[in-house]
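The values are calculated or read from the model by the stated rules, or taken from the named source; none is laboratory data. Treat the numbers as computed from the prediction; the structure is a model and nothing was measured. Because the Cβ atoms are built from the backbone with ideal geometry, glycine has one as well, and the counts that use them run over all protein chains shown. To get the accessible areas, we keep the full protein, side chains included, count just its heavy atoms, and leave off ligands, DNA and RNA. Shrake-Rupley method; radii C 1.70, N 1.55, O 1.52, S 1.80 Å.
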Amino acid sequence: VSVGVIPTFSFSLLPEVLGRLRQEKDDTHTIVYIHNTPAIVDAVRLQQFDIGIVSRSPPYLGVHSLYQTEVNYVALVPQNHFLAASKDRLDLREVAGREEFITFGNVYPLEMQGMDEDLATQFQNKARYSVANVLAATALVRAVSVPALVDPFSARMSASAGGMVIRPIQQKLTYHIGIISRGIEVMTRETRQLANAIISRFEADPLIVAGSES
């Protein structure tokens, strides 16, 4: 089974799923490719990957969606930063244009996260770093002591190493998650098994459970 996965889930969720399947004596040969969402969608559409774990806003044209959900972005803040002191929801309008944040703005628009244009402009005008890769952004938070708005999965993994805290934000900035394939009718038994295991892992994740209850 060939699976394309965005970097966010290549170090945590997918290895966990494959480890569980191995414990169940599954002997499927799995090939893992790490790419961004557009490349994964193209590869699934061109029959190069059997399934893909993607983000960004659906619909994903030319492929079949097996699973879709969404969670809210969070602020990943250095532990020694003054914004780390509070556990309340961070109002981005109070810090935009005043505090520096690591952004994605020069790589793809902040509006893709659901941020309105005025707020996005204020963040980008203050930013010294724009990063396309979320994991690189979390590493920068630690290295340069500047907060970033990231997905909660990357934030959780980074904060577990210490030195950073997670603050929920007041604005709704949406991080999309999708599992895609060429179509149910062309999926092999092994592909279905892996897809179902990934979906089950997402459905049981505390971040997704909490998001669906809020």
*Of Ile179, Ile40, Ile31, which has the largest mean-square fluctuation in a 10 Å C-alpha GNM of the chain?*
Ile31
*Acute angle (nearest 10 degrees) that the helix 117-126 long axis makes with the longest principal axis of the chain, alpha-carbon atoms*: 70 degrees
_Computing the accessible area with a 1.4 Å probe over protein heavy atoms, can you report the carbon and sulfur percentage for the chain?_
49 percent
*Relative contact order (percent, whole number), segment 83-214, Cα cutoff 8 Å, 6+ residue spacing*: 28 percent
*On a 0 to 90° scale, report how tilted helix 189-204 is relative to the longest principal axis of the chain, with both axes built from alpha carbons and the result rounded to the nearest 10.*
30 degrees
*Mind checking segment 17-67 for trypsin sites (Lys or Arg not before Pro) that DSSP puts in a loop (not H, G, I, E or B) and that have at most 13 other Cβ atoms within 10 Å?*
Lys25
*For segment 6-17, 3J(HN,Hα) per residue [Karplus equation, 6.51 cos²θ - 1.76 cosθ + 1.60, θ = phi - 60°, Hz, x = Gly/Pro]*: 6, x, 3, 9, 7, 9, 9, 4, 5, x, 4, 5
*the chain: most fluctuating residue of Ile34, Ile102, Ile180 per GNM, C-alpha cutoff 10 Å*: Ile34
*Square roots of five times the Cα gyration tensor eigenvalues for segment 41-81, Å*: 31, 12, 8
*Once you've got the GNM for the chain with C-alpha springs shorter than 10 Å, pick whichever of Leu173, Leu66, Leu21 has the biggest mean-square fluctuation.*
Leu21
_Let me test this: with uniform point scatterers at the alpha carbons of the chain, what is the Debye-based log₁₀ I(q)/I(0) at q = 0.07 1/Å?_
-0.23
*Going by average Cβ neighbours within 10 Å, how do the peptides 128-135, 148-155 rank, with the highest at the top?*
148-155, 128-135
